[in-house]
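The values are calculated or read from the model by the stated rules, or taken from the named source; none is laboratory data. Because the structure is predicted, anything quoted here is derived from the model rather than measured. Here the Cβ is made from the backbone with ideal geometry for all residues, glycine too, and neighbour counts use every protein chain on show. When the accessible area is computed, the model is the full protein with side chains, heavy atoms only, and any ligands, DNA or RNA have been set aside. Shrake-Rupley method; radii C 1.70, N 1.55, O 1.52, S 1.80 Å.
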Amino acid sequence: SFYYGTFPAGFLWGVGSSAYQTEGAWDKDGKGPSIWDAFTHKKGKVLRNETGDSACDGYYKVKDDIQLLKELKVNHYLFSISWPRIMPTGIRTEQLNEKGIQFYNDTINSLLENNITPIVSLYHWDLPQVLQEKYGGWQNISMINYFNDYANLCFEKFGDRVKHWITFSNPWAVAEKGYGTGEHAPGLKLGGGGAYKAAHHIIKTHAKVWHSYNNTWRSEQQGLVGIALTSGWGEPVDPHSQRDRDAAERYIQFHLGWFANPIYRGDYPEILKNYVGRKSAQQGLGTSRLPTFSVQEKTYIKGTSDFLGIGHFTTRYVIQKSFPFLQASSYHTDHDSAELVDPKWPAPGPKWLYSVPWGFRRLLNFIKTQYGNPLIYVTENGVSEKHTQLCDEWRIEYLKGYINEMLKALKDGVNVKGYTAWSLLDKFEWDKGFSERFGLYHIDFKNKNKPRYPKASVDYYKKIISANGFPNPREVANWYRKAMDTCSTTHQLLATDSLITHMATVTEIVLPTVFTLCTLISVVLLIFYLRNRS
């Protein structure tokens, strides 16, 4: 049932985005190439071979996008810094790019001038390509020091104004899709072993950066350093079956626990160690594909998060499923479980993202009991669509449902202090290209100016923010009606603009073509005329 009520005073509302997905300007002003530049420039890696070369042109549209944030009346904006934009080779001693540093300084200053708090992620997947080519990226332990140097540069340059730092955004995808299945950059298909190794180095890097901040910068800058982990919720198909309950527990531990357990409890979850260890032994490996932490490392890593960022999109039903013994190692077969969905769950956009709001409350409560009720900021939550649709009533329903479950979790005693809707803009969606649109603002990518148009959800989210929750049924119902009214006006504007863009394109292409043809015909006729005269 829906719960009417408001959030505590001082609750933070925001929106987010990431550098590679929005900035564009991939090789401008001294920026070095990232693994995503290299990956998307290879044919067949991304749907329709699309790239983030220009993305939303966010590099050139900071002022415009900050106007959108003001329009939304958000308290914070979560964005990421592109490592190769400020350090082209990824190595601090080799080269710094002052123009890149200036870009982020200007962005941070503009946000603060408009009373918007910057929440900054140091890593949203765009590793400098040089570090991948030279060292093998996150497969190599040397990344720990290179990343720590980069993080310290960011603290030095921006830490006087940035007080919320995220070391890594969704490292699960970096490890599993980047080094396990190869669906994401750098596209390495190294199976379970590669994913676990990358994750191991990322966790150690996170801890090193936290200690760097703690020892060098905290007393002066007084900021917070955390990590942002993305996880779905796993619900047992049959809650009375011990096998299903265990399978659902494994689902969560293999997603969230893989990273959260070492940081909050000092080691990988026992389930993870047991299952990967057993599967590795069955393969005839002398040691587990899951690396181990030494006693010193466990102590060093435990407690290295001032807050936990949580990204959450959807839920799955989980059942026990034993995979036959396979020679090839795979993270997906390691946990002996299978995922199911309820056909009644709404899935407005892509087939993986079902709207299941109650799973969010369960996930937040799991974190509370499992990790000692840490301070939580929701760093990503949202839904996408496949087609241009400004009257996005399903996104309104999704946000309303998920934010309401977060409110219930708060009443359960979960220490959640902020919420970030994902995302500000339609943007480049990794291996899906521009086919999935998560934005509260629509972008017409066919128009070279990349204009932004508010969807109905902008108006609705704005109302939630100004009311700080859901005051009463009548008011909330009214929000929906108003949001749908505004979007139909915007739709007409978009249709007109699209027509003008189309006409301009036609004019740009057709007129010169016609002019050229006329010139050619005139020349031919003139030649004939002159020949006949002679």
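Considering every residue within the stretch 375-390, establish whether at least one is at pLDDT below 95, open to solvent by 20 Å² or more (accessible area, probe 1.4 Å), outside any loop (DSSP other than H, G, I, E, B) and acidic (Asp, Glu). Taking every residue of the stretch 375-390 in turn, none turns out to be at pLDDT below 95, open to solvent by 20 Å² or more (accessible area, probe 1.4 Å), outside any loop (DSSP other than H, G, I, E, B) and acidic (Asp, Glu).
Would you pick out the residues in the stretch 290-333 that are touching a Phe, Trp or Tyr at 6+ places or on another chain (Cβ under 8 Å) and in a helix (DSSP H, G or I)? Result: ILE301, TYR331, THR333.
Looking only at the stretch 256-272, how many residues end up being within 23 Å of the chain's Cα centre (by Cα) and open to solvent by less than 20 Å² (accessible area, probe 1.4 Å)?
Step one: of the stretch 256-272, the residues within 23 Å of the chain's Cα centre (by Cα) are 256-264.
Still in the list and also open to solvent by less than 20 Å² (accessible area, probe 1.4 Å): 256-263.
Looking only at that region, the number is 8.
Within the stretch 52-74, the set of residues being free of Cβ contacts under 8 Å to residues at least 60 places away in the same chain and in a helix (DSSP H, G or I) comprises VAL62, LYS63, ILE66, GLN67, LYS70. Within the stretch 186-201, being over 19 Å from ALA38 (Cα atoms) and charged (D, E, K, R) holds for one residue alone: LYS197. Is it the case that some residue within the stretch 421-437 is open to solvent by 40 Å² or more (accessible area, probe 1.4 Å), assigned to a helix (DSSP H, G or I) and touching a Pro at 6+ places or on another chain (Cβ under 9 Å)? Within the stretch 421-437, one or more residues are open to solvent by 40 Å² or more (accessible area, probe 1.4 Å), assigned to a helix (DSSP H, G or I) and touching a Pro at 6+ places or on another chain (Cβ under 9 Å). A single entry from LYS417, LYS446 fulfils the requirement of being surrounded by fewer than 18 Cβ atoms within 10 Å (Cβ to Cβ), outside any strand (DSSP E or B), basic (Lys, Arg) and touching a residue at least 12 places away in the same chain (Cβ under 8 Å): LYS446.
Name the single residue that is most open to solvent (accessible area, probe 1.4 Å) among those in the stretch 181-228 being among the charged types (D, E, K, R) and assigned to a loop (DSSP other than H, G, I, E, B).
The qualifying residue most open to solvent (accessible area, probe 1.4 Å) is LYS189.
Among residues of the stretch 15-51 being open to solvent by 10 Å² or more (accessible area, probe 1.4 Å) and in a helix (DSSP H, G or I), the one that is nearest to HIS76 (Cα to Cα) is THR22.
Limited to the stretch 334-348, what total is found for residues that are part of a loop (DSSP other than H, G, I, E, B) and either in contact (Cβ under 8 Å) with a residue 40 or more places away in the chain or more than 25 Å from the chain's Cα centre (by Cα) (or both)?
Step one: filter the stretch 334-348 for residues part of a loop (DSSP other than H, G, I, E, B), giving 335-336, 341-348.
Add one more test, that the residue is either in contact (Cβ under 8 Å) with a residue 40 or more places away in the chain or more than 25 Å from the chain's Cα centre (by Cα) (or both), and what stays is 335-336, 342-344, 346, 348.
Matching residues across the stretch 334-348 total 7.
Given the criteria over 30 Å from VAL458 (Cα atoms), among the hydroxyl-bearing types (Ser, Thr, Tyr) and modelled with pLDDT under 70, does THR519 qualify? Answer is no for this residue.
The lone criterion from (1) under 29 Å from GLU71 (Cα atoms); (2) buried (at least 22 other Cβ atoms within 10 Å of the Cβ); (3) out of contact with any Ser or Thr (no Cβ under 7 Å at 6 or more places or on another chain); (4) not aliphatic (A, V, I, L, M) left unmet by GLU113 is number (2). The condition of being within 25 Å of PHE79 (Cα to Cα), among the polar types (S, T, N, Q) and modelled with pLDDT of 95 or more holds for only one of ASN365, ASN415, that being ASN415.
Can you say whether TYR419 is among the hydroxyl-bearing types (Ser, Thr, Tyr) and within 26 Å of GLY10 (Cα to Cα), as far as the supplied structure shows?
Working: among the hydroxyl-bearing types (Ser, Thr, Tyr): yes; within 26 Å of GLY10 (Cα to Cα): yes.
Against the criterion (among the hydroxyl-bearing types (Ser, Thr, Tyr) and within 26 Å of GLY10 (Cα to Cα)), TYR419 qualifies.
Restricting attention to the stretch 274-292, does a residue exist that is closer than 30 Å to TYR77 by Cα and modelled with pLDDT of 95 or more? No, every residue in the stretch 274-292 fails to be closer than 30 Å to TYR77 by Cα and modelled with pLDDT of 95 or more.
I'm checking my understanding of the structure. Among residues of the stretch 356-374 that are open to solvent by 40 Å² or more (accessible area, probe 1.4 Å) and not polar (S, T, N, Q), which one is farthest from ALA409 (Cα to Cα)? Among them, the one singled out is GLY372.
Take the residues of the stretch 121-137 that are in contact with a Ser or Thr (Cβ under 7 Å, 6 or more places away or on another chain) and either hydrophobic (A, V, I, L, M, F, W, C) or not in a helix (DSSP H, G or I) (or both): which is surrounded by the most Cβ atoms within 10 Å (Cβ to Cβ)? This residue is TYR123.
Quick check: is even one residue across the stretch 83-97 touching a residue at least 12 places away in the same chain (Cβ under 8 Å), among the aromatic types (Phe, Trp, Tyr) and open to solvent by 10 Å² or more (accessible area, probe 1.4 Å)? For the stretch 83-97, residues touching a residue at least 12 places away in the same chain (Cβ under 8 Å), among the aromatic types (Phe, Trp, Tyr) and open to solvent by 10 Å² or more (accessible area, probe 1.4 Å): absent. Against the condition in a helix (DSSP H, G or I), among the aromatic types (Phe, Trp, Tyr) and farther than 26 Å from VAL62 by Cα, how does TYR460 come out, does it pass? No, not satisfied.
What is the residue count in the stretch 1-14 for residues that are modelled with pLDDT of 95 or more and open to solvent by 40 Å² or more (accessible area, probe 1.4 Å)? Count: 7. Of the residues screened, VAL62 is one that is under 28 Å from TYR377 (Cβ atoms), in the same structural domain as HIS124 (by the TED database) and open to solvent by 10 Å² or more (accessible area, probe 1.4 Å).
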